[in-house]
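First comes the structure, then the notes that go with it.
The values are calculated or read from the model by the stated rules, or taken from the named source; none is laboratory data. Keep in mind that what you see is a predicted model, and the values were worked out from it rather than measured. FYI the Cβ positions are ideal-geometry reconstructions off the backbone, even for glycines, and counts take in every protein chain you see. Surface areas here come from the heavy atoms of the whole protein model, side chains and all, with no ligands, DNA or RNA. Shrake-Rupley method; radii C 1.70, N 1.55, O 1.52, S 1.80 Å.
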Amino acid sequence: MQNFINEFTLNFIDDNRYQYIIEGFINTLIISLFAVLVGIAIGFLVAIIRSSHDKTGHMKAGNFLCRIYLTVMRGTPTMIQLLIIYYVIFATVNIPKVFVAVVAFGLNSGAYVAEIVRSGIMSVDEGQFEAGRSLGLNYRQTMQFIIMPQAFKNVLPALGNEFIVLLKETSISGYIGLTDLTHGGDIIRGITFSAFMPLIAVALIYLLLVTGLSWCVSKLERRLRVNER
Amino acid sequence: MSGNVLLEVKELRKDFGDHSVLKGISTQISQGEVVAIIGPSGCGKSTFLRSLNLLETPTGGSVVFEGNEITAPGTDVNKIRQKIGMVFQQFNLFANLTIQDNITLAPVKLGLMDKEEAQKRAKELLERVGLPDKADAYPAMLSGGQKQRIAIARSLAMNPDVMLFDEPTSALDPEMVGEVLGLMKELAADGMTMVVVTHEMGFAREVATRVMFIDEGVICEENAPQEFFQNPKNQRLKDFLSKVL
Ligand SMILES: Nc1ncnc2c1ncn2[C@@H]1O[C@H](COP(=O)(O)OP(=O)(O)OP(=O)(O)O)[C@@H](O)[C@H]1O
Ligand SMILES: [Mg+2]
């Protein structure tokens, strides 16, 4: 027990080392939150362009660009994307690393969100679409009021899962020298040379975050399910 | 019964790839008419009906609705569809919306009514179809017959000039067919112009003002129900009737 207290003090209390964890935690939260928002925005946009193309045959150029984007984002490792965005694309400009990470993880997540949402749109019965159009609603109105709400509900579990993956994937942010939660823990390990405490602490915090996120998603799911018996 | 011509169909053709489904259909539908369309499965009844509101794009011929050729390029189909109601075999109620919102969505979003007006109208329509207590229910909570009555109410909310029905009772359990046919009968009695694809020969005989037999992509025979059923002339119609009656 005494040993535990000593270890704890060494890793978190001495020199206020807990602040590495706090800083990392905050950065991880900021990166994840904004990357999710960017991912949702890109993902819905791409999904709408792609399924509109499938349904109406319009937007050929848009569909083509989207497919290139999807192929690249899903065909290369996230870490390489992060490194390229940091060291190549933003090499000459001086912008905060957190911003770089948001861009990288947001772009990456957008590709997965896009395909999830597109599958959700396709899973909505064609009759729903026809009923909307037969009443005189135009394509956009039918999508907005009838198809998208149902698609969103259908893919909510998959989206929740994608956000959990994203949250955990931000743990590679250390590779561009950013103090995220993982990197924060690792800094402590480098100073104190004890692995157990900082790594377990970091793991527990991720676990807590993921559990909280899952809880929120399933609560939202239940609320959206009122229209089924 | 012979009011103004509402719909005029001229040499209507529809091909799916090299499969020619409609091979030149010409007919007129006048205000107040109730036209029942019968024919063997796969003969193109749905395709014909869906061509009338351009859910299918015809590959040839024309459809003129209230004097406007709606098959002409540049037609505002959304505007046209507001006046042509459609009721589907599978009901297609909006699963994400309450019954009231199902009924009010289109009139409100299309700017035809404000929200209160639309809700008042929805209430009246729910009374009319006999489901006044279902306003806040969701489609998944209703029986098939109830769903179809709501689907009819949703169409009526747009005050259409004509209503298209594609086998409205074919997906229903037998005990629910009556409630939907009864409602359609009331609509007909109120003077609604209706085009009904159906397998219900009783409905065609009693309610329709004209029955149309489609086979192999053409209208083989059309006539007033009495004559149509008692004195069919076309051989394929005779064969068909001998099987279904
Ligand atoms: N979207 C489509 N693509 C290709 N073929 C189609 C399509 N829609 C219909 N068909 C074909 O056109 C023919 C007529 O179909 P339609 O649905 O109009 O028949 P129907 O008379 O309504 O039959 P049922 O009584 O079974 O409803 C069928 O052979 C069908 O396979
Ligand atoms: Mg059919």
Review point. Of all residues in region A:173-215, how many are free of Cβ contacts under 8 Å to residues at least 40 places away in the same chain, over 14 Å from residue A:19 (Cα atoms) and in a helix (DSSP H, G or I)?
Key: 12
**Study point:** Breaking point among (1) at pLDDT 95 or above; (2) under 24 Å from residue B:7 (Cα atoms), for residue B:216
**Key:** (1)
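Filter region A:48-103 for residues that are touching a Ser or Thr at 6+ places or on another chain (Cβ under 7 Å) and free of Cβ contacts under 8 Å to residues at least 12 places away in the same chain; which is farthest from residue A:166 (Cα to Cα)?
A:58
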Check your understanding: Which condition number does residue B:86 fail, the rest of (1) more than 29 Å from residue B:9 (Cα to Cα); (2) within 12 Å of another protein chain (Cβ to nearest Cβ); (3) in contact with a helix residue (DSSP H, G or I) (Cβ under 9 Å, 6 or more places away or on another chain) being met?
Key -> (1)
Exercise for review: Check residue B:118 against each of (1) open to solvent by less than 30 Å² (accessible area, probe 1.4 Å); (2) within 16 Å of ligand 2 (Cβ to nearest atom) and name the one condition it does not meet.
Suggested key: (2)
Check your understanding: Do we find that residue B:46 is crowded, with 17+ Cβ neighbours inside 10 Å, touching a Ser or Thr at 6+ places or on another chain (Cβ under 7 Å) and in contact (Cβ under 8 Å) with a residue 60 or more places away in the chain in this structure?
Key -> no
Check your understanding: Somewhere in region A:37-44, is a residue open to solvent by 70 Å² or more (accessible area, probe 1.4 Å) and either of a type outside the set (Lys, Arg) or under 23 Å from residue A:151 (Cα atoms) (or both)?
Key -> yes
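Would you be able to say whether some residue in region B:75-83 is more than 16 Å from ligand 2 (Cβ to nearest atom) and in contact (Cβ under 8 Å) with a residue 40 or more places away in the chain?
yes
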Study note, to complete from the structure: Per the list (1) away from ligand 2 (no atom under 16 Å from the Cβ); (2) on the phi > 0 side of the Ramachandran plot, residue check on residue B:39 breaks on (1)
Revision key, fill the gap. In region B:167-185, anything under 22 Å from residue B:48 (Cα atoms) and open to solvent by 20 Å² or more (accessible area, probe 1.4 Å) is listed as B:167, B:170, B:171, B:181
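Here's the yes/no breakdown for (1) under 21 Å from residue B:228 (Cβ atoms); (2) away from ligand 1 (no atom under 16 Å from the Cβ); (3) touching a residue at least 60 places away in the same chain (Cβ under 8 Å):
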site: B:132; (1), (2), (3): no, yes, no
site: B:158; (1), (2), (3): no, yes, yes
site: B:168; (1), (2), (3): yes, no, yes
site: B:171; (1), (2), (3): no, no, yes
site: B:183; (1), (2), (3): no, yes, no
site: B:191; (1), (2), (3): no, yes, yes
site: B:194; (1), (2), (3): yes, yes, yes
site: B:200; (1), (2), (3): yes, no, no
site: B:215; (1), (2), (3): yes, no, yes
Practice item. Could you look through region B:28-74, keep only residues that are hydroxyl-bearing (Ser, Thr, Tyr), more than 13 Å from chain A (Cβ to nearest Cβ) and more than 10 Å from ligand 1 (Cβ to nearest atom), and pick out the one that is nearest to residue B:203 (Cα to Cα)? Key: B:30
Revision key, fill the gap. Among helices (runs of 4 or more DSSP H) entirely within region B:121-218, at least 3 residues that are within 14 Å of chain A (Cβ to nearest Cβ) occur in B:144-156
